[in-house]
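Below is one structure; the comments refer to it alone.
The values are calculated or read from the model by the stated rules, or taken from the named source; none is laboratory data. What you are looking at is a predicted structure, and each value in this text was computed from that prediction instead of being measured. Every residue, glycine as well, gets a Cβ built from its backbone with ideal geometry; the counts of neighbours run over all protein chains shown. These accessible areas exclude ligands, DNA and RNA; they are computed on the full protein's heavy atoms, side chains included. Shrake-Rupley method; radii C 1.70, N 1.55, O 1.52, S 1.80 Å.
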Amino acid sequence: LTVVGNLTFLSLLSLDVPSLEELHIVRHNPLNLDAVLHVSPKRVNWNVAKPYRKEWTTDALRSALRAILSEYRSATEITIHGFAQNVALELMAPETGGQQ
């Protein structure tokens, strides 16, 4: 299943997909960051279309990736494209307890 564009409609979408191999999400703008599709894919591929990447702040990326990691916990593989790699690594790093 591939979802591309302004994803504000996701909260209105209801799918009955018992088993989904792969979910591709290509975002445009950083609006409605908590919009996720309620399915249980084995693999998730998350990206932002190149023309829109400059609109995404670190905080917006962090919020969107947190939503992805929270919603798709049962996925065996989550791919986050390179432009958001540092934010993804930050979210997956163990807590440092305030130490640098």
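Checking Ser40 against (1) at pLDDT below 90; (2) surrounded by 15 or more Cβ atoms within 10 Å (Cβ to Cβ); (3) polar (S, T, N, Q); (4) in contact with a Ser or Thr (Cβ under 7 Å, 6 or more places away or on another chain), which single condition isn't satisfied?
Here Ser40 meets the rest and fails (2).
What are the pairs, 6+ residues apart or on separate chains, where a residue within the range 52-79 that is farther than 15 Å from Ile25 by Cα has its Cβ under 6 Å from a residue that is open to solvent by 60 Å² or more (accessible area, probe 1.4 Å)?
Sorted first by the residue in the range 52-79, then by its partner, the pairs are Ser74/Ser40; Thr76/Lys42.
Go through the range 65-92 and count every residue that is assigned to a loop (DSSP other than H, G, I, E, B) and either open to solvent by 50 Å² or more (accessible area, probe 1.4 Å) or at pLDDT 90 or above (or both).
Residues flagged as assigned to a loop (DSSP other than H, G, I, E, B) and either open to solvent by 50 Å² or more (accessible area, probe 1.4 Å) or at pLDDT 90 or above (or both) within the range 65-92 amount to 5.
Output the residues belonging to the range 33-64 that are polar (S, T, N, Q) and assigned to a helix (DSSP H, G or I).
Matches in the range 33-64: Thr58, Ser63.
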